[in-house]
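Visitor: For reference, the structure I am asking about is given below.
Since every read-out is calculated from the coordinates, none of them should be taken as a lab result. Predicted model, so just to flag it, every value in this text is computed and none were measured. All Cβ positions, glycine included, derive from the backbone under ideal geometry; neighbour counts span all protein chains shown.
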């Protein structure tokens, strides 16, 4: 008979986007911001609107900036 749970899922380390940890929430937030900004750029291109494209590019820059800050602070304090 097969076991009742998957032993591979019973690990001590959290998942990359684990909402139970602060690092996971930050990663999820940065990924969501980048995804929404990329969608805004695509929508702006489809709508032929330079303002929406500009807003999406600004969001992408903001998301990359947040991600690089997260990586530098995490590397500095040994989070990773």
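Visitor: Sequence gap at least 6, Cα distance under 8 Å: using those rules, report the relative contact order of region 21-76 to the nearest whole percent. Mind dumping the intermediate values first?
Guide: Values: 43 pairs, mean separation 19.8, N = 56.
Relative contact order of region 21-76: 35 percent.
Visitor: Work out, step by step, the length gained on full extension between residue 35 and residue 49: first 0.36 nm times the residue separation, then minus their alpha carbon distance; give nm to one decimal.
Guide: Result for the pair: 3.2 nm of gain on full extension.
Visitor: Follow-up. Report the calculated FRET efficiency for residue 76 and residue 18 (r = Cβ-Cβ distance, R0 = 30 Å), to the nearest 0.05.
Guide: Efficiency, rounded to the nearest 0.05: 0.90.
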